[in-house]
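Shown next, in structure tokens, is the structure this report addresses.
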Amino acid sequence: MNTIQDCRQRDNTDPLRSLRNLFSIPPGVIYLDGNSLGVMPKAAPARAADVITQEWGTDLIRAWNSAGWFNLPQRLGNMIAPLIGAGPDEVVATDTTSINLFKVLSVALSMADRDAPKRRLVMSERSNFPTDLYIAEGLCQARGYTLQLVEPEEIAAALSADVAVLMLTHVNYRTGAMHDMAAVTAAAHARGALVVWDLAHSAGAVPVDLTSARADFAIGCGYKYLNGGPGAPAFVWVNPRHADRFWQPLSGWWGHAGPFEFTTDYKPAAGINRYLCGTQPIVSMSLLECGLDGFKAAQALGGMTALRSKSLALTDLYIELVEQRCAGYGMGLATPREHTLRGSQVSLTHEHGHGREGSGAFAIVQALISRGVIGDFRAGDGLRHKDILRFGFTPLYIGFEDVWNAVEHLRQVLESGEWQQPQFNQKHQVT
Ligand SMILES: *Cc1c(COP(=O)(O)O)cnc(C)c1O
């Protein structure tokens, strides 16, 4: 049986429980949106104040050396590396996910142009995150490639001799469905295609092993499960076997072999450092370090393996409780049940309506937010993809009692019909 007492008991015996104290969670809030914007580490305000008043205010330009500003991309990259199965000095934190995708996809196309010029397709998943598709669309247009979009189950069969690059997001942002990175990479390589992985919903959420999967390129996001703060820098990894082969197209001075030689011509730095472009947002970078410190603390308690076990226990419990306690109200499950097939979020559907105005999914999310249970809504296409209520479970700071309470609020919203009130059916600019 699952009761609230059982959930409290599980929190009391949870070996990761102490990690929650590293984060600031507003009273009365059950935060199930860490897959979109992670919560604030308690260390962040003091760190920001120190960067601004001491490092900027007092140390001024000396801080590039004295406070280690210039090496932040590498230092943070080395903190991210163990979370994604990358080696030391193979990752840099920099720019945004969109920009890093532009860089690595450009290089993948340059490699294909040289090694396999007959291949003219970039393949991706139709329900990939839009910015990934937009960046690919723009690059395909500029470079004479065609973007081919398929459903996940069609990927293997569609990997023809025309595919130059397979570009996928490891964990789908809508459904939470997860690809088998090693198997998909091997299948693509067997057909002669390069693989770019977007780890936006994987880094810090599920164990990733880019090295053993023999992946070609990877990028990911700093402000989701890594808790780096709004607009935090993203990260980029290139398999060392490719890293020195081509220039990335944003060949700025931070990626130069000797940035302070101020030479007229560009000479790319060795390895991943050439994927830097220009001066980084130092305040944001510093805050990302506070987020990554949470994973350093988790390392002593079993790291990503322990976090993954807890994440699966939380999501299993959430699914089970929704099915037990919210039965008969038209809720459905859009996330695969099987552990190997999903990340750290659970997406639900509701039978009523479609779209931001008039959809049960939208209104239920709004009603839950008004009660302090923060998830979000993602519209479907009205055909294959239904509207989704999306709930991320960050094992660093979500507990089992939170899961119980989140389901209890959902049950009350459904039973009372509260979600049908007009104020929960109004569209906002950011959803
Ligand atoms: C969140 C997310 C992004 C975000 O890109 P930005 O450049 O930070 O806006 C990109 N791709 C995927 C798959 C994401 O989930």
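The values are calculated or read from the model by the stated rules, or taken from the named source; none is laboratory data. Not measured: the values here are computed from a predicted model. Because the Cβ atoms are built from the backbone with ideal geometry, glycine has one as well, and the counts that use them run over all protein chains shown. These area figures cover heavy atoms from the full protein model, side chains too; ligands, DNA and RNA do not enter into them. Shrake-Rupley method; radii C 1.70, N 1.55, O 1.52, S 1.80 Å.
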For an R0 of 41 angstrom, estimate the FRET efficiency from the Cβ-Cβ distance between S416 and R17 and round to the nearest 0.05. 0.80
Grab the beta carbon distance between H339 and S24, set R0 = 45 Å, and tell me the FRET efficiency rounded to 0.05. 0.90
Can you give the % of DSSP beta bridges in region 68-297 that are antiparallel, to the nearest 5? 35 percent
Environment charge of V171, counting only residues whose C-beta is closer than 11 Å and scoring Lys/Arg +1, Asp/Glu -1: +2
If packing is taken as the average number of other Cβ atoms within 10 Å across a peptide's residues, how do 184-197, 240-253 rank, most packed first? 184-197, 240-253
Highest average packing first - 265-273, 381-389, Cβ atoms within 10 Å: 381-389, 265-273
Set Lys and Arg Cβ to +1 and Asp and Glu Cβ to -1, take the dipole of region 273-375 about its Cα centre, and tell me which of H352, Q280, L341 lies farthest positive. Q280
If the reach is capped at under 16 angstrom between alpha carbons, list the aspartates and glutamates near K310, excluding any in the same chain fewer than eight residues apart. D6, D11, D14, E320, E338, E401, D402
Roll a 1.4 Å probe over the protein chains and send me the accessible area per residue for the chain in Å². 41 Å²
Convert 37 °C to kelvin, take the viscosity as 0.692 mPa s, use the Kirkwood radius over C-alpha pairs of region 68-297 as Rh, and evaluate the Stokes-Einstein diffusion coefficient in µm²/s, rounded to a whole number. 187 µm²/s
Would you please put 137-147, 336-346 in order of how densely packed they are, using the mean number of other Cβ atoms within 10 angstrom per residue and starting with the highest? 336-346, 137-147
The answer for the net charge of residues other than A298 whose Cβ lies under 13 angstrom from its Cβ, with Lys and Arg +1 and Asp and Glu -1, is +3
Whole-percent carbon and sulfur share, accessible surface of region 68-297, 1.4 Å: 58 percent
Checking the a/c ratio against 1.5 first, then a/b against b/c, what shape does the Cα gyration tensor give for region 307-431? prolate
Computed E for A48/E351 - FRET, C-beta separation, R0 51 angstrom, nearest 0.05: 0.70
Counting each DSSP H run of 4 or more residues in the chain as -39500 (n - 2.57), what helix-only mean residue ellipticity at 222 nm follows after dividing by all residues, to the nearest 500 deg cm²/dmol? -11000 deg cm²/dmol
Between region 1-48 and region 140-157, how many Å separate their Cα centres? 40 Å
How much net charge surrounds M40 when only the other residues with a Cβ under 15 Å from the Cβ of M40 are counted, with Lys and Arg +1 and Asp and Glu -1? +1
